[in-house]
Every structure is written in C-alpha cells, then in structure tokens.
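Everything below concerns the one structure shown next.
The values are calculated or read from the model by the stated rules, or taken from the named source; none is laboratory data. This one's a predicted model, so the numbers in the text were calculated from it and none came from an experiment. Every residue, glycine among them, receives a Cβ derived from its backbone with ideal geometry; neighbour counts consider all protein chains shown. Note: accessible area is taken over every heavy atom of the protein model, side chains too, but ligands, DNA and RNA are not part of it. Shrake-Rupley method; radii C 1.70, N 1.55, O 1.52, S 1.80 Å.
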Amino acid sequence: MTARRPAAPALTPVQFRGLFPALADRVWLDTPASPPGAVPVTQALMTALTDWRDGRLDASEWERAAPATRLAFARYLGVAPRDVALLGSVAEAAATVAASLPATGTVVIGDDEFRSNLFPWLGLRATGCRIVRARTGPAGRTESILAAIDATTTLVAVSHVLSIDGERVDLNRVRAATHAVGARLFVDATQSLGVLRPELASVRPDYLAVHGYKWLLCPRGAAWLVTPHHDELRPLQPSWKSAVDGGYFGGSPQLASNAARCDTSPAWLSWIGAGAALELMSRLLEAAVEEHCLDLSRTFRDGARHAGAVPVGAGQPSHIAVVRVSDPDALRRRLRSSRVQAYLAGDRLRVGFHYFNNHDDVSAALRALST
C-alpha cells in the first residue's frame, strides 16, 4: 500500500467548501451521520436520473460505474485493484469475512462497536468460535482491545474511529499485537477514511472495509472490502457478478480469482455517485485535510471545556468530538435557531469536521454551546 498523489490541482478548503451549496445557509457538523451533497456528485446523479426519465438509459454504461470505482478506490488507497471487492455495506463485508473464518480460536471485538462491525462476528458463536467483547475502560478503546488479545486470538475486528466518542484507535499498536500472536486484523475505516490517513503502509490490515457515504461523500450503498486473502473468501450472495466468465445464463459457478468473486450486483445510482465522489476526493491533499480537520476538532474541544461541557472518551482524539452537556433541550433549540446541524442524543453532543468546515463553523457551535 503506497501513499496517494492527489490529482492536480489540489483543492483548498475554500474551493472545496464552495462545492457544497447547503453550506451557504447552515453549519454542517453532522458528517458522522451523513455529509451534504457535493455538486459533482449530485450533478452525476441528476444527469443519470434525467437520462433514465428521458429514455436515454444505457444499462451497459451504468453497469460499468461500479467496476470503474474499483480502479479509482485502489488508486486512492494505493492498493492493487485485484484486492478490492465491491459491496453494499460494511456489515456485508464483515459477514463475508466471518463466513470464511475457521471455526476455531477467538475473535476480539469491542463491546461498544458499531453494530455493522459487531453483529456479523457474533454469529460465529454457532460455529464454535469464541467471541471476546473487549469492554472500553478509562484508558480508552485501544488499551481494551490490546488487553483482550492472547495466544488464542484468530482475528481482531475494530473501527479506526467510532462516532460514539470520536476516539481514534492506534492501529499500529493493534497490528503489532495481532502479528505477535499470528492473528488477522479487520478494520472498519468508514468514520475515518476521507479525513484521517489510515497509515495503511505500516498497518497493512488483512481486511479493510469502508462504506463511502460518510467522509468519502458517496451516496449510501457503495462500499469496498480490501484484502489480499480474497482466494479464501466465499461470496455471501454468489451471482453472475461472482463468476470469472462474466456470463449471464446457465453454467456452473467458477469464481473469479480475485476479490471480484465477492462483488454483489450493484445499485447503479449509488456507484455512479461514488465514482464522482472519488474523483473529487482525489483532488485533496491527505496531509492537509487531516491537519485542517484535527485543528478544528481540537479548537472545538478546548472551547467546549471552557464552556463547561465534559469531553467523552479517552485515548487519541480525532476529527469527531463528543461532549456531555448540562441542558440538552435548551442546546437543541439554540442549535436549530442558529442553523447548526449537529447530533444531540441525550446529554451527548457530537460534531464532526470535514475539509469543508472552517473556524466560523467551530465558533457557531461554541456560541450555541455556551449561550
């Protein structure tokens, strides 16, 4: 896995922000749920919808949209296209890997993992595989995962970042621990890829799953599984997409020799939008994006503490910040009146910063928090 070189010319934060019309009259800090639509992505979708409406639908062209993203996503990550499978969700990716694991050993998974990267592994209990759910303690998620790994561990499944608290797991340390016991590593990078550099060259996860509808700005329904172990995988939904010959009718299943054996039949519009989104994301400088977003998150957390909010989570912070607030009902009203789009559940306020956000957005959130 190699570092990606952005397409020239690279976009500045101001230029990038200008591609999101929704930001003209609102502060969007809810990308951990979903970002606003970027103009190149929505234009691609509107063109496709217009062609569909007007009878200019070219099914063969739409069908090529998903395989084209295999190449684009591989370039974006610096991986081999043959190691990339096209799926519909992280849950599908995790379930595909889980179905191919031997019924021995132990799978380590965080007790508070996102359910799409939790429930597929729990099903392994029926095969005799032992599941260890690492409970996050005061030292943070990284430490809890490391403490749960032992000589019986077969696989560790972990999210790089969880939106429940914004903690960033130290993947290098987890990778070192799995190497030490001969275990494999499954990483869900849905809440980080597009903002944080996942350090793939050093971590080299055995399986990397990403749903593109968060920080990669794709429509929901376009996800990727990257693995060099594709020859071991069995597709959950074998179909004409899994076959090596590309045929439609009859015959016997002969799976592709690469990760395409796990491809599922694509939802065309999702992949048309995903192609435009990856083209846009390829115009960003990875280091600049990470620095920009972490700076905004750090500024928010500092201001939130000053306003009396209590940060949630331990360990290494990320571009997602979560704090506890004393009067959530009043805060909800202030956020609404200030047109600040953020997530408030119970007494927890969650904000997330993308490259299109700026310090004015941070100030707007802090004003609502401290008023």
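Brief remarks follow.
- Residue list for the stretch 295-316, filter: free of Cβ contacts under 8 Å to residues at least 60 places away in the same chain and surrounded by 15 or more Cβ atoms within 10 Å (Cβ to Cβ): Arg298, Arg301, Pro311
- Sole residue being at pLDDT 95 or above and farther than 19 Å from Arg234 by Cα, chosen from Arg130, Arg135, Arg75, Arg82: Arg75
- Unique residue being open to solvent by less than 70 Å² (accessible area, probe 1.4 Å), in contact with a Pro (Cβ under 9 Å, 6 or more places away or on another chain) and at pLDDT 95 or above when the list is Val97, Val108: Val97
- Sole residue being under 28 Å from Glu61 (Cβ atoms) and open to solvent by 50 Å² or more (accessible area, probe 1.4 Å), chosen from Ala267, Ala201, Ala180: Ala267
- Across the stretch 108-120, the number of residues qualifying as under 17 Å from His160 (Cα atoms) and either among the basic types (Lys, Arg) or not in a loop (DSSP other than H, G, I, E, B) (or both) comes to 6.
- Qualifying position, being assigned to a helix (DSSP H, G or I) and under 26 Å from the mean Cα position of the chain (by Cα), among Val289, Val351, Val323: Val289
- Within the stretch 218-243, considering residues that are part of a loop (DSSP other than H, G, I, E, B), at pLDDT below 95 and touching a helix residue (DSSP H, G or I) at 6+ places or on another chain (Cβ under 8 Å), the one farthest from Ser257 (Cα to Cα): Leu236
- Residue count, the stretch 122-145 (criterion: assigned to a helix (DSSP H, G or I) and either more than 20 Å from Ala177 (Cα to Cα) or among the polar types (S, T, N, Q) (or both)): 8
- Failed criterion for Thr154 (all others in (1) in a loop (DSSP other than H, G, I, E, B); (2) touching a Cys at 6+ places or on another chain (Cβ under 8 Å) hold): (1)
- Just one of the listed residues (His354, His319) is in contact with a Cys (Cβ under 6 Å, 6 or more places away or on another chain), buried (at least 17 other Cβ atoms within 10 Å of the Cβ) and within 16 Å of Ala33 (Cα to Cα), namely His319.
- Any hit, the stretch 307-320, residues being assigned to a helix (DSSP H, G or I) and hydroxyl-bearing (Ser, Thr, Tyr): no
- Output for the stretch 4-53, where each listed residue is among the charged types (D, E, K, R), touching a Leu at 6+ places or on another chain (Cβ under 8 Å) and closer than 20 Å to Gly194 by Cα: Arg4, Arg17
- Matching residues, the stretch 89-142, being of a type in the set (D, E, K, R) and closer than 21 Å to His229 by Cα: Glu92
- Residue in the stretch 86-97 that is closer than 30 Å to Arg130 by Cβ, part of a loop (DSSP other than H, G, I, E, B) and of a type in the set (Val, Ile, Thr) present: no
- Index of the failed condition, Pro9 passing every other in (1) in a loop (DSSP other than H, G, I, E, B); (2) open to solvent by less than 50 Å² (accessible area, probe 1.4 Å): (2)
- Considering residues of the stretch 322-351 that are of a type outside the set (A, V, I, L, M) and within 30 Å of Leu11 (Cβ to Cβ) only, the residue least open to solvent (accessible area, probe 1.4 Å): Arg350
- For first residues located in the stretch 37-64 and over 30 Å from Leu23 (Cβ atoms), partners that are surrounded by 13 or more Cβ atoms within 10 Å (Cβ to Cβ) and at pLDDT below 95 and lie 6+ apart or on another chain with Cβ distances below 7 Å do not occur.
- Checklist (1) open to solvent by 50 Å² or more (accessible area, probe 1.4 Å); (2) among the aliphatic types (A, V, I, L, M); (3) closer than 25 Å to Thr104 by Cβ applied to Leu155, failing item: (1)
- The stretch 326-348, residues that are closer than 18 Å to Gly166 by Cβ and part of a loop (DSSP other than H, G, I, E, B): Ala342, Gly346, Asp347
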